[in-house]
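Everything on this sheet refers to the single structure shown next.
The values are calculated or read from the model by the stated rules, or taken from the named source; none is laboratory data. It should be emphasised that the depicted structure is a prediction, and the values quoted were computed from it without experimental measurement. No Cβ is skipped: glycine too gets one built from the backbone with ideal geometry, and neighbour counts run over all protein chains shown.
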Amino acid sequence: MALKFVFLFILVVCAAAAVRARDLLSSVILLCAYSLVMTLTWTQLNAVDVALTEAAVGAGIVTVLLIAALGRTVSLEEAPAPAAGGAAAALRRALPLLTVLCTGAVLVYGTLDMPGYGDPSAPANTHVAARYIAGSVPETGIVNFVTAILASYRGYDTFGETTVIFAAAVCGMLILGKGRRK
């Protein structure tokens, strides 16, 4: 349990440092570290498939694309212009924080009705899991439950996710390779 709070603390520190950093390469490295800690968090929560995706996409592909994009831009962010005083300026500066706090409150409120983590009487454990355990091998011929769910039951969904990632990679390559044609 303490390890989860350590991961949460590291995630908050990485996110805050990435936002505050003026050197964009430092921000990219901090976001990569954030993604790697998220990978450890997903592994700790026994969601190894999600952890693998986070490591490959979040820490791998996104980091490479961001570093490639930095190669085509300047590496330091421009210093912000001095802010004008007044109540309207203070409200504009406080609005993002207020938005984040409200969104966080709504998300916390949404978790109040959720069953406890690992609760054996949760609906997912009493209805869906039993169906997959009993029917996955005879219906799909795949012995591994996770593979049966992802490859067979959720085949269209998985294919859709793969298509979206492929389209994003092609768009990224087209955008990054645009200047080389000249």
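Close Cβ contacts (under 7 Å, 6 or more residues apart or on different chains) running from residues in the stretch 15-39 that are under 21 Å from A56 (Cα atoms) and free of Cβ contacts under 8 Å to residues at least 24 places away in the same chain to residues that are surrounded by 17 or more Cβ atoms within 10 Å (Cβ to Cβ) and of a type in the set (D, E) comprise T39/E54. Is it true that A81 is in contact with an Asp or Glu (Cβ under 9 Å, 6 or more places away or on another chain) and not assigned by TED's automatic domain parsing to the domain that holds L176? Spelling it out, it is not the case that A81 is in contact with an Asp or Glu (Cβ under 9 Å, 6 or more places away or on another chain) and not assigned by TED's automatic domain parsing to the domain that holds L176.
I'd like to check something: does the stretch 19-33 contain any residue that is under 30 Å from A167 (Cβ atoms), among the acidic types (D, E) and over 20 Å from the mean Cα position of the chain (by Cα)? Checked against the condition, which is being under 30 Å from A167 (Cβ atoms), among the acidic types (D, E) and over 20 Å from the mean Cα position of the chain (by Cα), the stretch 19-33 yields no hits at all. Of everything in the stretch 152-174 that is of a type in the set (A, V, I, L, M) and in contact (Cβ under 8 Å) with a residue 24 or more places away in the chain, the residue that is farthest from T63 (Cα to Cα) is I165. Here A89 passes the criteria (1) more than 30 Å from R154 (Cα to Cα); (2) exposed (fewer than 11 other Cβ atoms within 10 Å of the Cβ); (3) not assigned by TED's automatic domain parsing to the domain that holds L31 except the one numbered (2).
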